[in-house]
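The values are calculated or read from the model by the stated rules, or taken from the named source; none is laboratory data. From a predicted model like this one, the values you see are computed outputs, not experimental measurements. As a convention, Cβ positions derive from the backbone with ideal geometry for all residues, glycine included, and neighbour counts pool all protein chains shown.
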């Protein structure tokens with residue numbers, strides 16, 4: 001699939017999630033590069049193809065327990081409903097696509113949009129940050145490494161051993177158990193009672209990014225010709241994540257960080 005085709009599949013999924021959330025009273029907000037795309041490009045960043053959402057923890061838990069799709073075109077996957085899934089945040093995947101693995105096989109669960117829970121965090125930001133960094137470091141060192149090993153082409157004896165260890169760790173459920181521990185609510189504070197919120201279950205390379213809860217009052221912004229829910233404080237949020245976010249990067253840097261390959265299943 002080309003970047004444009006992956007964008008098409010991701011947009012199909014985003015529209016489905018929007019309709020589901022609106023129909024069931026579930027809050028969601030465009031997040032990270034998707035929010036940046038809405039603000040700067042009124043759609044996808046041209047060289048990017050994924051979709052990220054922030055969902056307040058109470059709504060996130062409802063989505064995980066209540067979600068269904070009668071058409072069977074979309075599927076919610078998380079470390080709680082799939083023993084092979086290793087990420088501590090959920091995805092809703094487009095079942096019309098499949099991932100092409102390095103060995104040439106197809107993973108039937110293809111392109112997905114990332115669902116990141118927003119948690120209320122304690123007033124003691126320093127302590128909250130320490131707990132996040134400890135958990136996130138564990139995730140990066142263990143889960144991400146095991147995944148890398150499991151996908152490593154066996155081009156040497158050492159790579160072969162790493163691949164065997166990685167596949168064993170993924171298959172045994174060991175990695176899934178670690179993901180489950182990180183995916184659970186980290187702080188005892190409730191979302192609605194906190195002044196500050198953060199996503200503490202995502203891949204942030206150790207970055208702790210607390211946001212004011214007031215920034216997540218909803219506004220509608222255009223994304224690929226349709227309105228979607230976005231945080232009213234998008235300027236403050238994007239500035240905190242990206243700095244001078246309206247500046248287009250040099251052409252050499254206009255590349256997606258996602259290297260996975262996908263194919264259409266029914267087209």
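In table form, for the structure just shown:
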quantity	calculated
From the options 163, 186, 158, residue that is at pLDDT 75 or above and within 30 Å of residue 128 (Cβ to Cβ)	186
All positions within the stretch 215-239 that are buried (at least 16 other Cβ atoms within 10 Å of the Cβ), farther than 14 Å from residue 34 by Cα and in contact (Cβ under 8 Å) with a residue 24 or more places away in the chain	216
Test set (1) more than 24 Å from residue 64 (Cβ to Cβ); (2) in a helix (DSSP H, G or I) - residue 178 fails condition number	(1)
Residue in the stretch 246-262 that is touching a helix residue (DSSP H, G or I) at 6+ places or on another chain (Cβ under 8 Å), surrounded by 13 or more Cβ atoms within 10 Å (Cβ to Cβ) and modelled with pLDDT of 90 or more present	yes
Count - residues of the stretch 168-183 that are free of Cβ contacts under 8 Å to residues at least 40 places away in the same chain and farther than 15 Å from residue 82 by Cα	1
Enumerated strands (runs of 3 or more DSSP E) restricted to the stretch 216-267, each holding at least 3 residues that are in contact with a strand residue (DSSP E or B) (Cβ under 6 Å, 6 or more places away or on another chain) and under 22 Å from residue 110 (Cβ atoms)	261-264
Scope the stretch 99-133; condition surrounded by fewer than 22 Cβ atoms within 10 Å (Cβ to Cβ) and closer than 17 Å to residue 69 by Cβ; matching residues	108, 109
Test: residue in the stretch 82-90 that is at pLDDT 95 or above and surrounded by fewer than 23 Cβ atoms within 10 Å (Cβ to Cβ)	no
Listing of helices (runs of 4 or more DSSP H) fully contained in the stretch 1-68 that carry 1 or more residues being over 18 Å from residue 245 (Cβ atoms) and in contact (Cβ under 8 Å) with a residue 24 or more places away in the chain	3-24, 57-66
Some residue of the stretch 194-205 being assigned to a loop (DSSP other than H, G, I, E, B), free of Cβ contacts under 8 Å to residues at least 24 places away in the same chain and surrounded by fewer than 19 Cβ atoms within 10 Å (Cβ to Cβ)	no
Number of the condition not met by residue 198 [criteria: (1) over 21 Å from residue 59 (Cβ atoms); (2) modelled with pLDDT of 85 or more]	(1)
